[in-house]
Amino acid sequence: TRVLVSKVKDLEYIVVDTEYDALFLENSLIKKFQPKYNIQLKDDKSYPWICIKKERFPRVFPTRRLIKDGSKYYGPYANVKVMNNLLDMVSKLYQLRNCSYDLSDENIKAGKFRACLEYHIGNCKAPCVGKQLEDDYNESIEQIRQILGGSVAEVIKNVKIRIVDCANNLEFERAAYLKNRLEMLEKFQTKSTIVNPIIHDVEVYTIKSEVSFAVINFMKVNNGTIVQSHNLELKKKLDESDEDLLMFGILELRERFGSASKEIYLNKKYDIDIQDVSITVPKIGDKKKLMQLSVRNLLQYIKDKKERENKVDPDRHTKRILSTLQSDLKLKELPVHIECFDNSNFQGASPVAACVVFKNAKPSKKDYRHFNIKTVEGPDDFASMKEVVTRRYSRLLKEQQDLPQLIIIDGGKGQLSSAVEALESIGLRGKIPIIGIAKKLEEIFFPEDPIPLHLDKRSESLKLIQSLRNEAHRFGITHHRSKRDKATLKSELTDIKGVGKQTASRLLEHFKSVKRIKSATLEEIESVIGNKKAKIVLESLKGDI
């Protein structure tokens, strides 16, 4: 917003009668000039319409061009498959022409045309040669108008009346033909009607806002039938509120779909006022179900969008997580390279530490490192942490390797302070961001800040930090157990008179455990340490052999 204001050179005003007119004018000016800082529409593609041509014996066909010649257009249809299914049903119900001849009364009487194949296979009644009267043809067109307008119930009612009339006049073949048409219409109505038929001429809008974009779902309902449905994606520019986005979206969609309903349903209460339009938030019943259907469509659109984006750019998900972490921790750089440290010991014995490395939010196992604590006696986590951090980054500096953009310490203030001291001792304090994570409440600590940061338990930032911490703990514990077990096993073997550390190591390296050594044959042990020592080991472990 500050950048926008800084670039303003002049202000001009256009005065209109009402606030609603002002919004419409703003919408048209945005489309004309496409200003950089305004909300951007993301679906500017052309959608198809169904046209009923203004002509004698009107044709019904799909088109993407709207010509102001008096023809009637229905749509637009965001889903082409839905439109094609509708046209297919119309062609099965009504025998309409698909030629582009000028079927004027003079041309027909002059015999300028001949009945084509469509007539002979039963798809057309050949009005071109006078085999179908104009009134009969226009009756079919009127029913098609009602179907496309969502008034299927009215068409069904008229067809039922005509079936009865045909039966009374003994026109049984005509009645059977109309009965087949009735069955198709009722089947279509069953698929289309999802709410109470008394819900008529209503627009439904729901909105879901993400970080950089928002999606508005629009549904138009006539006689309980959804006749139009569309998801409008808006790209946010100035952190617009849902209220602003929704107002913009409603104006755009009403204009685009030529809708002028006097009633609008919203999923939440917004301070939106549209002239001569009633706005309600349904709480119960069929109206509430309609809102829930709109929300489901909305969430599915967003889910599909994210899946498409991840397929196009597999790293997009990673970039989003790292950007979120950078924002939450107020980091200057994107934390592509993160390292996490954890100490491990058992009652002060076999103290070790682990360093795990994540690159692009994924484990880089070739960069993992174990540390055996060398300068610390007893269980001193703080001193151990200082030692391993010093050793790790002294080596990276010496070898001129890349430093991480973030260091995570598994522990609270004490461990974090020790790690900061280590960085200071090698001249890296303040050059690498460092945080600590305490296990109990998952609090994030910063150096010299007594107040911890509490991230949302569902946030991707916290989940990434927890993944690093858990991986460091797993890696450290695995190394610690291995070291402790080897020490225990070695002591059991080195207690045997005549067996030293080197011999014990060779046996453990080959057999992996004392249990396997006990079950091995003399020949197997001989192949590792020779006959003399093999006999000594087996005599000690098994008794006389």
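The values are calculated or read from the model by the stated rules, or taken from the named source; none is laboratory data. Quantities reported herein were computed from a predicted structural model and do not represent experimental measurements. Cβ sites come from the backbone with ideal geometry, for glycine too, and all protein chains shown count toward neighbours. Quick note on the areas: whole protein, heavy atoms, side chains included, nothing else; ligands and nucleic acids left out. Shrake-Rupley method; radii C 1.70, N 1.55, O 1.52, S 1.80 Å.
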How much length is gained on full extension from D201 to I496, taking 0.36 nm per residue of separation minus their Cα-Cα distance?
-> 96.8 nm
R0 = 60 Å: FRET efficiency of S394 with A176, Cβ-based, nearest 0.05?
-> 0.05
GluC sites (Glu not before Pro) in region 409-476 lying in a DSSP loop, each with at most 16 other Cβ atoms within 10 Å of its Cβ, come to E442, E448
Give the Kirkwood hydrodynamic radius (Å, one decimal) of region 39-130, defined as one over the mean of 1/r across all pairs of different Cα atoms.
-> 15.1 Å
Alpha carbon centroid spacing (whole Å) that separates region 109-187 from region 201-270 = 38 Å
For the chain, Rg(Cα) over 2.2 N^0.38 Å is 1.61
Per-q log10 I(q)/I(0), region 90-223, q = 0.22 Å⁻¹ (Debye; single scatterer per alpha-carbon; no solvent) | -1.30
Report the normalised scattering of region 227-377 as log10 I(q)/I(0) at q = 0.09, 0.16, 0.20 Å⁻¹, calculated by the Debye formula with identical scatterers on the alpha carbons.
-> -0.57, -1.04, -1.31
Between 0 and 90°, nearest 10: helix 381-398 axis offset from the chain longest Cα axis = 80 degrees
Each residue of region 156-164 in turn: what ³J(HN,Hα) in whole Hz from Karplus with 6.51, -1.76, 1.60 and θ = phi - 60°, glycine and Pro shown as x?
-> 4, 4, 5, 5, 4, 4, 5, 4, 5
Cα-based shape type of region 367-427, given that a ≥ b ≥ c are square roots of the gyration tensor eigenvalues and the cut on a/c is 1.5 = prolate
Could you state the angle between the C-alpha long axis of helix 242-256 and the longest principal axis of the C-alpha atoms of the chain, as a value from 0 to 90 degrees rounded to the nearest 10?
-> 30 degrees
Search the structure for amide H atoms under 5 Å from the amide H of E263, placed 1.01 Å from N in the peptide plane, and list their residues when 5 or more places away or on another chain.
-> E203, S278
Between H454 and L29, 0.36 nm times their residue separation minus their Cα-Cα distance comes to what?
-> 148.5 nm
Alpha carbon convex hull of region 131-287, volume per residue in cubic angstrom = 150 Å³
Which whole-number value in Å² is the accessible area per residue of the chain, probe 1.4 Å?
-> 58 Å²
At 0.36 nm per residue, minus the direct Cα-Cα distance, what do K237 and Y73 gain on full extension? Give it in nm, one decimal, please.
-> 55.6 nm
Once the Cα gyration tensor of region 345-461 is diagonalised, what are the square roots of 5 times its eigenvalues, in whole Å and ordered largest first, as equivalent ellipsoid semi-axes?
-> 21, 19, 15
Can you give the FRET efficiency for A167 and A22, using 1/(1 + (r/R0)^6), R0 = 60 Å, r = Cβ-Cβ distance, to the nearest 0.05?
-> 0.50
Karplus ³J(HN,Hα) for region 209-222 (6.51 cos²θ - 1.76 cosθ + 1.60, θ = phi - 60°; Hz, whole; x = Gly/Pro) runs 10, 9, 5, 10, 8, 9, 10, 10, 9, 10, 9, 10, 10, 10
Label D286 and N85 with points 7 Å out from Cα along Cα→Cβ: what is the distance between them in nm?
-> 2.1 nm
Within region 191-297, list the trypsin sites (Lys or Arg not before Pro) lying in a DSSP loop whose Cβ has at most 15 other Cβ atoms in a 10 Å radius.
-> K237, K262, K268, K269, K283
Cleavage-rule hits (trypsin sites (Lys or Arg not before Pro)) in region 74-137: DSSP loop, at most 13 neighbouring Cβ within 10 angstrom | R114, K131
Of the accessible area of the chain, with the probe set at 1.4 angstrom, what percent is carbon plus sulfur?
-> 50 percent
Rounded to 10°, Cα long-axis angle of helix 134-148 versus longest principal axis of the chain | 30 degrees
Rg (one decimal) and Dmax (whole number) from the Cα set of region 272-337, in Å, equal 19.7, 58
Can you tell which of I409, S461, L290 lies farthest toward the positive end of the dipole of the chain, using +1 and -1 charges on the Cβ of basic and acidic side chains (Lys, Arg; Asp, Glu)?
-> I409
Looking at the chain, what % of its DSSP beta bridges pair antiparallel, to the nearest 5?
-> 75 percent
Label zone at T478, where the point sits 7 Å out along the Cα-to-Cβ direction: region 352-386 residues whose backbone N lies under 17 Å = 352-359, 362-372
